[in-house]
Amino acid sequence: MASGSSLDFTFGAGVYAGGVSFADYNNDGWDDLTIATETGKAVRFFKNNSGVFVEDTAISINDGNLETKQIIWVDFDNDNDKDLFLTSREGTIKLFRNDGNFSFQDISSQAGLTLFASSTWGASFGDFNNDGFLDIFLAFLKTGNTQPNALLKNNGDGTFTNVSASAGINQINDATFCAAFFDYNNDGFQDIFVTNHKYDQSYLYKNNGNETFTDVSVSTNANIFADGMSSTIGDYNNDGWFDVYVTNSRAGNFHLKNNGNNTFTRVEDDMGTKFSNVSWVPFF
């Protein structure tokens, strides 16, 4: 379907390519496309005109022509328009505030995001303290980096604070592609599942409701050892409890059923969702 259209292009040179975002960034009711590119080329924007994608040149951002990995449109400041968040292989994190009429300001420095200079492949937004402002979990790869994963609290004033240590987030330098906020125990607070690469253990952090987390990976059976690429959260069996699916290169994927009693059971063999002997690459 992309052949012959403005979407007929490649990411270019890079490691495992980059991310694609489907989000209605102009609030016209149609999901638009934002696509990562190799180092030396700018992120590309495609406006959805009633089902037809046209490259959007109205958006002008100085992304540094990075090898962008994850692209997230998110209203981090609660002003009812979508801001743009980027991670990159080079380690530069960018946050562009949407000031209206698609005028974007790079506020990465004042937001406190330039304190991180490690290769960042994934990020997730979630409101872990229920204050109405979306916080960030940053995932860092281990190779060549000394930066452990980081939980950034949104202060509600355009800045973020690294609260990883005080919140109880593991400060070991794992190889992490992504993480996900979700309420696994239905207590009204968002917990965090961290998918690790290179057969490092994955982690499930239980939100204690007081801006701290407890590592419940072992007690919940969520401590899988995988060559993890990505994780997806969803209630596949409609029982009211969120389940977890992890893509795992080489050995086959993991499908964790939420039992509703603070434990998970692996069901990929029973469900036929293992998909072994398939080479998976990161979703971003």
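The values are calculated or read from the model by the stated rules, or taken from the named source; none is laboratory data. Please read these numbers as outputs of a predicted model, since none were measured by experiment. Here the Cβ is made from the backbone with ideal geometry for all residues, glycine too, and neighbour counts use every protein chain on show. Ligands, DNA and RNA are stripped out before the accessible areas are found, and what is left, the full protein with its side chains, is counted by its heavy atoms. Shrake-Rupley method; radii C 1.70, N 1.55, O 1.52, S 1.80 Å.
A few points about this structure:
- The Cβ shell under 13 Å around residue 22 holds other residues with a net charge of -1, Lys and Arg each +1, Asp and Glu each -1.
- Karplus-derived 3J(HN,Hα), 6.51/-1.76/1.60, for each residue of region 172-179, Hz, glycine and proline x: 6, 7, 7, 9, 10, 8, 7, 8
- Of all lysines in the structure, the ones whose alpha carbon falls short of 24 Å from that of residue 94, not counting any fewer than 8 places away in one chain, are 41, 47, 69, 82, 142, 153.
- Peptides 79-89, 109-119, 46-56 ranked from most to least packed give 79-89, 109-119, 46-56, packing being the mean of other C-beta atoms within 10 angstrom over each peptide's residues.
- Magnitude of the charge dipole, region 156-267, Cβ model with Lys/Arg +1 and Asp/Glu -1, debye to 20: 400
- Segments 93-103, 155-165, 190-200 sorted - mean Cβ within 10 Å per residue, highest first: 190-200, 93-103, 155-165
- Entry note, the chain: the mean residue ellipticity at 222 nm calculated from DSSP H runs of n ≥ 4, each adding -39500 (n - 2.57), is -500 deg cm²/dmol after division by the residues and rounding to the nearest 500.
- If the Kirkwood radius is taken over C-alpha pairs of region 99-205, then at 37 °C and 0.692 mPa s the Stokes-Einstein diffusion coefficient equals 225 µm²/s.
- Averaged over its residues, region 65-201 has an accessible area of 35 Å² per residue, based on protein heavy atoms and a 1.4 Å probe.
- Aspartates and glutamates whose Cα lies under 17 Å from that of residue 206, excluding same-chain neighbours fewer than 8 positions away: 127, 135, 183, 187, 191, 215, 243
- In percent, rounded to a whole number, the relative contact order of region 47-98 is 27, using alpha-carbon pairs under 8 Å and six or more apart.
- Under 19 Å from residue 274, Cα to Cα: lysines that are on another chain or at least 8 residues apart: 198, 257
- The chain: relative contact order in percent, alpha carbon pairs under 8 Å with at least 6 residues between: 10
- Rounded D (µm²/s) - the chain, Kirkwood Rh over Cα pairs, Stokes-Einstein at 25 °C, 0.890 mPa s: 125
- Size of charge dipole - the chain - debye, nearest 20, with Cβ of Lys, Arg +1 and Asp, Glu -1, no other charges: 980
- Taking other residues whose beta carbon is less than 13 angstrom from the beta carbon of residue 195, and scoring Lys, Arg as +1 and Asp, Glu as -1, yields -2.
- Percent carbon-and-sulfur accessible area, region 62-152, ignoring ligands, DNA and RNA, probe 1.4 Å: 43
- Ordering of 255-263, 121-129 by burial proxy (mean other Cβ atoms within 10 Å per residue, highest first): 121-129, 255-263
- Environment charge of residue 265, counting only residues whose C-beta is closer than 12 Å and scoring Lys/Arg +1, Asp/Glu -1: -2
- Two-decimal Rg/Rh across region 134-196, once Rg and the Kirkwood Rh are taken from alpha-carbon atoms: 0.98
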